[in-house]
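The next block holds one structure in the form of structure tokens; read it before the comments.
No lab work stands behind these numbers, since they all come straight from the coordinates. Bear in mind the structure is a predicted one, so any value in this text is a computation, not a measurement. Positions of Cβ are backbone-derived with ideal geometry, glycine not excepted, and every protein chain shown enters the neighbour counts.
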Amino acid sequence: MMKRILVGVDGSEASHEAARLAAEIAIRFGARLTLAYVIPTLLLPPDAYGLTFADVEQEHRTHADRLLADAMTKLGEPGVQVEPLVLTGSPAESLAEAALAEDVGLLVVGSRGRGAVARMLLGSVTDRLVHISKKPVLVSR
């Protein structure tokens, strides 16, 4: 029996569609739904942006909270228990690790995210996640 479904969201329409699909599945199986956003690791030191590390971290956290609140609102499924989750690190690895740690029965992601390169391919995060996840991954189109 599937008790929990984890959905990777990034604010893209593809991730909102993935969340809606996951909510339908959650309702059918009586599963809880977790919407997860991954704050990426900084590629440059914070002072390159003219900010402190705490400033950058706070901005990322505020963005993540807003994005997850928006995703939960757009979901609009009163029959499903939904909770937000903010992760940090590499998106595919963070989602795969969270799926194991949280005893997730299914990971759901959109076929494309927000990244420029991801628009041309299946989606670099999605592609990587499909290959590394020890849990089943459903790719929503």
Query raised in the report: Once the Cβ-Cβ distance between E13 and Q58 is put in as r, and R0 is 35 Å, what FRET efficiency do you end up with, to the nearest 0.05?
Result: 0.80
Requested in this report: Return the long-range amide H neighbours of S140 (sequence gap of 5 or more, or a different chain), with a cut-off of under 5 Å between placed amide H atoms.
Outcome: V109, G110, S111
Query raised in the report: Based on the Cβ-Cβ distance of K134 and T41, what FRET efficiency does E = 1/(1 + (r/R0)^6) give at R0 = 30 Å, to the nearest 0.05?
Result: 0.85
Query - 5 angstrom amide H check on Q81, placed H, neighbours 5+ away - result: L33
